[in-house]
Amino acid sequence: MNRTSAPVDAPATGAWEGLVTTALLGTDRRTPPGTGPGPEAPVALLDAAAPGTGPGPEAPVALLDAAAVETVRRRAGLRPARAAERPRPAPEDPRPPLPPAAARRLALLLADRPGASGGGRRGTAPDLTELLPQWLAAANARGFAPPPQVLPALLDAARGRTDLRPTVLEFAGSRALWLARLNPDWRFALRSTPGGGAALPHLEDDDGVRQLWQEGLFAERVALLSALRSRDPAAARDLLATTWATERAEDRLMFLDSLRTGLGPDDEPFLEQALADRSRNVRATAAELLSALPGSALAARMAVRAEACVAIDHTQATQAAGGTEPSGATVATPTIAVEAPHECDPAMERDGVVAKAPAGRGERSWWFGQLVEAAPLGTWSRRLGGRTPREIVALPVTDDWQGELHAAWCRAAVRQRDAEWSRALLGEPSAPEAGGPGAVSLAERAKLLGTLDAAERAEWVAGFIATHGLSEAFQLLGVCAVPWAPPLGRAVVDALNIARDAGSYPWSFSGVMGLAERCLDPSEAGRLDALLAVPDEPENASPGAGGYWAEAFQRLVTTLRLRAAMAEELNTS
Amino acid sequence: MTQQGVRWTADQVLALAPDAASRKAGSKLGAAGPWSEAGSSDEGTVWGLCKGSGSKPYQTVVDIADASGPAYKCSCPSRKFPCKHALGLLLLWAGGDAAVPTGEAPEWAGQWIAGRRKRTEEKRAADSSGSPSGSADPEAARRRAERRAERVTAGAVELEQRLTDLLRAGLATAEQSGYGLWEETAARMVDAQAQGLAGRVRELGAIPSTGPGWPVRLLEECALLHLLGQGWLRRERLPEALAATVRSRIGLPASADGPPVRDRWLVLAQYDTADTRLTTRRIWLYGADSDRTVLLLSYGAAGRAPELALPVGLALEAEVSAYPGAGRLRVALGEQFAPPAPTAIRPQGMTTSQAAARYGDALRDDPWLESVPVTLGRVVPSPDGDSWQLADADEDAALPLTPSARSRPGLWRLVALSGGAPVRVFGECGHQGFTPLTAWPEGPGDAIALC
């Protein structure tokens, strides 16, 4: 208060400063002001009633006496300062507050922030930090507002973990942005929220939208465009068209990208026009978007080009005949023959085909891959004798083109979100690895699975795990919906059980274990009880593995119970 | 003792931890995994078996019924108190986990509880039977007190001499002479059995390194120290209350001999300060009926949490007795009639001007007072340059926060709670500014601890 408050009377200020100066220099050099040797400066606070205390105090004592009086006088005279400008009130959060039990749980989850989980995560206690994302997602799904006093802890958690930021900021709501403007540590919240947290104009408000679009910062404009696009795709496209010609190339690219949402046949004319853009990246993106529209002219052009390269060859003998001249005994098997394009003409380039192949790839196969990838998948049934996708995928391919062709179909299936083709390309989950479509890597399988609905995805991954075990399953499990569907959960638990009986250590499976803790349906906890005991060690087992497994399963069960309790708390309102 | 409904919050449990490491270790154990045969009884006992690294699980019991703070017993070898197992068990219980069902205490836990209750009873009986503790010989006690007073007087005279020397040479020399001189003087005050003087002298040594304006602060503290020394030397001529204040500021022991005051005491705030020797816990209580704010002090050796622990926001029905001295803020906890329970009690609020005046008034009785406990009724935390202030919602007046309060995480909890709207804030108001300790939202809502 010293800083801003005026002491009671101004003369005292001068007196005090005189005292400080004298004290600094020492009474040997300077006589205290107004305290000549004499009894007029008693320790007034203590014995105002007892004047005349012997001989006059020496100078230092007189100085201390006076300073004591001044100090207490100054302190007693302190008054509040003028109020600074008060912050604008935070916007009201209309969401209902968390149920009390859930609020306590959140405090517990936020209190457990071990920074780095030092030295492996053994032990039987659940890893609370890993449950925070799930808790946040559940709370967001139910639309609860956090208690305001936990906002600092939430923001601190999100500051350290970028993956948490979107869910944290959604949950934390508008008051967190209000808070973040007051603390530089939480600037990220303003950055991660489009428009620095400034409210977008009401999307019905045409003038407001147009004004922000023309005058706003880049981030605000992107936010505006995506908001409008998810609400009214045509309006967003029209808005973009108004300024398209004057935008910078990298901005055009970002804006074009936001058309991915709600992409439809109506967008074709605009995209077709963007194919002639000055920037190569913009052209490529426009072509990619057009190829995802099977009815577009570009798709049709690509179909024509791709069809020209692929044909059924009825003269080929089976692989077993080994390319020798077909004898009368062998039956000719329909085979796909590939004739890759010989050149990349300007029309192809205009349609987004990249002419220059990356190092180490042949040009012709590079062009071929791009054509097939961009051609509508519906083309192939027509072209290949009315066969279903499954039949087409099963056809042999001449001259080692199978890898290239199937890989391109995978990309096309993902881009066009074609479940039937994805199913065909994925094949049977139980098929031995080598027997499946060879070109399909685990990463591509994971992407293909993304086009199937959740139940089918879970079913397929369950089948895969039942045959191939867990060592390859991590990536595939990552695309499955949480909580895992019952067949998938059972498959994972069974596979873990088998891994345990095989005598390996649990940390070989720590990735899957961690996923299971977070993704297994809590209602499965009961089925795990049998696994909690420390088993008798088989002869060939790794020493002590049984105990570690029991511990790992205990943690799994505890975590599941905890998740069940968490969900329960959020459900009771 | 109908205690079963009141589970503590995780924060309240974690406040019991003696240090950060225990807090972390306890959090890890606050899940059902390692625990078996855990349970809690309606009498306020929580128990459980915790699997450790050994073959035999640790037996952990906590008695939370005692209003003077929980008591712990654990068969683990840790010398931390409470150990991580006790903390983990309480966290598990606080989390409302099904792993701690209500039930009957097993024999091993029951025995300890019974023994503890019996000892408490005996102690209470002994206390109330009226045999004054301490020496039976009043004459000897008087002589001891006299000898001690002589030593303190010798110390005070010596201190006066040192202060005089310092002022004669000038405070500028204090910057050069450094900490050593003060440490030595402090040691002399310890020899003189004047702990209060020793503590103040030690703080003097740190002032020259506190940045701009240090000469002012050093002169202030020297002057107040001088005032205290003079107060002691002339104590016979002071009014009784002021003399008692001087004695307690010097560090002479006193006993809480005020009449017991029974009230519903709301636990306003609890926080620890530690130096190399001692952890001091301050607990502020607010009496709902008497409208009084009082202070409980509890001490622990360095590295151990003081024993007394009261959860902020709960209220307990108890008697307290004041220690002698002006203001009579410090009290001792007497008999407790009911354990802490949730409550809607809030202290009455005042404006910032009234708070500043309250501090000024209090200085009349105790010029050495650093701050007074006050509750501000409707204030808005507002940024003020690099600092923060609590601005009155209805007046153009504000109290700045103390420098230390600005850097605490509690500040942000307060700001978040307010969201620009008025809140009620309890804290300490003094010459350095305001230290917020607890806050309540304007509408209904629990007390939020800020320290």
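Set side by side, the residues A:Val222, A:Val282 differ, and just one is among the β-branched types (Val, Ile, Thr), assigned to a helix (DSSP H, G or I) and within 24 Å of A:Gln370 (Cβ to Cβ), which is A:Val282.
For segment A:178-185, check the following and say yes or no: at least one residue is polar (S, T, N, Q), within 14 Å of chain B (Cβ to nearest Cβ) and under 19 Å from A:Pro91 (Cα atoms).
yes
Restricting attention to segment B:262-275, does a residue exist that is away from chain A (no Cβ under 14 Å) and within 30 Å of A:Ala23 (Cβ to Cβ)?
The answer is yes, given that some residue of segment B:262-275 is away from chain A (no Cβ under 14 Å) and within 30 Å of A:Ala23 (Cβ to Cβ).
Being within 12 Å of another protein chain (Cβ to nearest Cβ), closer than 26 Å to B:Glu442 by Cα, modelled with pLDDT of 90 or more and surrounded by fewer than 17 Cβ atoms within 10 Å (Cβ to Cβ): is that true of A:Pro89 here? Considered against the rule, which asks whether it is within 12 Å of another protein chain (Cβ to nearest Cβ), closer than 26 Å to B:Glu442 by Cα, modelled with pLDDT of 90 or more and surrounded by fewer than 17 Cβ atoms within 10 Å (Cβ to Cβ), A:Pro89 comes out as yes. Using the structure shown, decide if B:Leu316 is outside any loop (DSSP other than H, G, I, E, B), at the interface with chain A (Cβ under 10 Å from one of its Cβ atoms) and over 16 Å from the mean Cα position of the chain (by Cα). No: the conditions fail for B:Leu316.
If you go through segment A:253-288 one residue at a time, how many are among the small types (Gly, Ala, Ser) and either closer than 22 Å to A:Ala355 by Cα or at pLDDT 90 or above (or both)? The qualifying residues number 6.
Inclusion of B:Ala198 among residues that are modelled with pLDDT of 90 or more and not assigned by TED's automatic domain parsing to the domain that holds B:Gln432 is warranted. Among the residues of this structure, B:Arg249 does not count as one that is basic (Lys, Arg), in a strand (DSSP E or B) and touching an Asp or Glu at 6+ places or on another chain (Cβ under 9 Å).
Could you tell me whether A:Ala101 is assigned to a loop (DSSP other than H, G, I, E, B) and either at pLDDT below 90 or loosely packed, with under 15 Cβ neighbours inside 10 Å (or both)? Answer is no for this residue. Of the strands (runs of 3 or more DSSP E) lying entirely inside segment B:335-451, those carrying at least 3 residues that are touching a Gly at 6+ places or on another chain (Cβ under 7 Å) and farther than 30 Å from B:Gly199 by Cα are B:371-384. Residues that are closer than 26 Å to B:Ile207 by Cα and of a type in the set (D, E, K, R) within segment B:143-175 comprise B:Glu158, B:Glu160, B:Arg162, B:Asp165, B:Arg168, B:Glu175, listed in sequence order. Screening B:Ala169 against (1) under 22 Å from A:Arg29 (Cβ atoms); (2) more than 9 Å from chain A (Cβ to nearest Cβ) leaves a single unmet condition, (2).
Within segment B:380-396, if we keep just the residues that are crowded, with 21+ Cβ neighbours inside 10 Å and in contact with a Lys or Arg (Cβ under 8 Å, 6 or more places away or on another chain), the residue that is farthest from the other protein chains (Cβ to nearest Cβ) turns out to be B:Trp388. Of all residues in segment B:26-39, which are surrounded by 24 or more Cβ atoms within 10 Å (Cβ to Cβ) and part of a strand (DSSP E or B)? Result: B:Trp35, single match.
Of all the residues that make up segment B:422-451, how many are farther than 25 Å from A:Ala157 by Cα and either within 11 Å of another protein chain (Cβ to nearest Cβ) or of a type outside the set (Ser, Thr, Tyr) (or both)?
16
Identify all residues within segment A:436-488 that are among the hydroxyl-bearing types (Ser, Thr, Tyr), modelled with pLDDT under 80 and either farther than 23 Å from A:His406 by Cβ or not in a loop (DSSP other than H, G, I, E, B) (or both); write none if there are none. Hit for segment A:436-488 is A:Ser471, nothing else.
Residues are listed down the side, and each one gets a yes or a no for (1) polar (S, T, N, Q); (2) buried (at least 20 other Cβ atoms within 10 Å of the Cβ); (3) within 14 Å of chain A (Cβ to nearest Cβ); (4) part of a strand (DSSP E or B):
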position	(1), (2), (3), (4)
B:Ser55	yes, no, yes, no
B:Val61	no, yes, no, yes
B:Leu87	no, yes, yes, no
B:Ala98	no, no, yes, no
B:Gln111	yes, no, no, no
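Go through segment B:197-239 and give me each residue that's touching a residue at least 40 places away in the same chain (Cβ under 8 Å), within 13 Å of chain A (Cβ to nearest Cβ) and closer than 15 Å to B:Val152 by Cβ. Scanning segment B:197-239 gives B:Leu225, B:Leu228, B:Gly229, B:Gln230, B:Trp232, B:Leu233. Among the residues here, B:Asp361 does not qualify as at pLDDT below 95, under 22 Å from B:Arg282 (Cβ atoms) and more than 10 Å from chain A (Cβ to nearest Cβ).
If you go through segment B:406-442 and pick out every residue that is under 22 Å from B:Leu363 (Cα atoms) and among the small types (Gly, Ala, Ser), you end up with 3. Is it the case that A:Ala530 is over 22 Å from B:Gly95 (Cβ atoms), modelled with pLDDT under 75 and assigned to a helix (DSSP H, G or I)? Yes.
When you check A:Ala300 against the structure, is it at pLDDT 85 or above, assigned to a helix (DSSP H, G or I), surrounded by fewer than 16 Cβ atoms within 10 Å (Cβ to Cβ) and among the small types (Gly, Ala, Ser), yes or no? Yes, satisfied. What about B:Pro367, is it modelled with pLDDT of 95 or more, in contact with a helix residue (DSSP H, G or I) (Cβ under 7 Å, 6 or more places away or on another chain) and not assigned by TED's automatic domain parsing to the domain that holds B:Tyr286? So B:Pro367 fails the test. Take B:Leu450 and decide whether it is in contact with a strand residue (DSSP E or B) (Cβ under 9 Å, 6 or more places away or on another chain) and modelled with pLDDT of 95 or more. Spelling it out, it is not the case that B:Leu450 is in contact with a strand residue (DSSP E or B) (Cβ under 9 Å, 6 or more places away or on another chain) and modelled with pLDDT of 95 or more.
Pick from A:Arg73, A:Arg79: which is of a type in the set (D, E, K, R), at pLDDT 90 or above and surrounded by fewer than 20 Cβ atoms within 10 Å (Cβ to Cβ)?
On the way: A:Arg73 fails: surrounded by fewer than 20 Cβ atoms within 10 Å (Cβ to Cβ).
Only one candidate qualifies: A:Arg79.
Quick check, is A:Leu155 within 12 Å of chain B (Cβ to nearest Cβ), under 16 Å from the mean Cα position of the chain (by Cα) and closer than 27 Å to A:Glu551 by Cα? No; evaluated as a whole, the condition is false for this residue.
For segment A:349-398, the tally of residues that are surrounded by 14 or more Cβ atoms within 10 Å (Cβ to Cβ) and in contact with a Pro (Cβ under 8 Å, 6 or more places away or on another chain) stands at 12.
The values are calculated or read from the model by the stated rules, or taken from the named source; none is laboratory data. Fair warning: this is a prediction, and the values are worked out from it, not measured in the lab. Here Cβ is always computed from backbone atoms with ideal geometry, including for glycine, and neighbour counts include all displayed protein chains.
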